[in-house]
1. Restricting attention to region 46-57, which residues are exposed (fewer than 13 other Cβ atoms within 10 Å of the Cβ) and at negative phi?
2. Given the conditions (1) closer than 15 Å to T26 by Cβ; (2) assigned to a strand (DSSP E or B), which single one is not true for L86?
3. State whether one or more residues within region 72-82 are in a strand (DSSP E or B) and either closer than 19 Å to H11 by Cβ or in contact (Cβ under 8 Å) with a residue 40 or more places away in the chain (or both).
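Here, each number is a calculation from the coordinates, and none is a lab measurement. None of these values were measured; they are calculated from a predicted model. In this analysis, Cβ positions are derived from the backbone assuming ideal geometry, glycine residues included, and neighbour counts consider all displayed protein chains.
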Amino acid sequence: MLPGLPSRPAHLPPDVVDRLRRWVRTSLDLDLDTAVLVTQLTCRDAGCAPVETVLAVLRPGETVQRTISSPAELVSVADVQRAFGLAA
């Protein structure tokens, strides 16, 4: 891997992925046909979190992606809502 490029940390537990997908679907009122992707990236750049969680919603003709500066296991429903501009 080249310095400064993100990489994937250890495999995410399925229950964490399922929980984050459920929170994204519920928060955005998505149906089950809308793809929701959850992944983690390791960042080695100065100033970025060591592990970031990336949430992506894929619809025909539209992709919405948000990054949360925290490992997936520590992301809360409030974090998800804030990332998508839904929390106060």
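1. Filtering region 46-57 for residues exposed (fewer than 13 other Cβ atoms within 10 Å of the Cβ) gives 46-47, 50.
Of everything in region 46-57, those that are exposed (fewer than 13 other Cβ atoms within 10 Å of the Cβ) and at negative phi turn out to be A46, P50.
2. Every condition holds for L86 apart from (2).
3. The answer is no, given that none of the residues of region 72-82 is in a strand (DSSP E or B) and either closer than 19 Å to H11 by Cβ or in contact (Cβ under 8 Å) with a residue 40 or more places away in the chain (or both).
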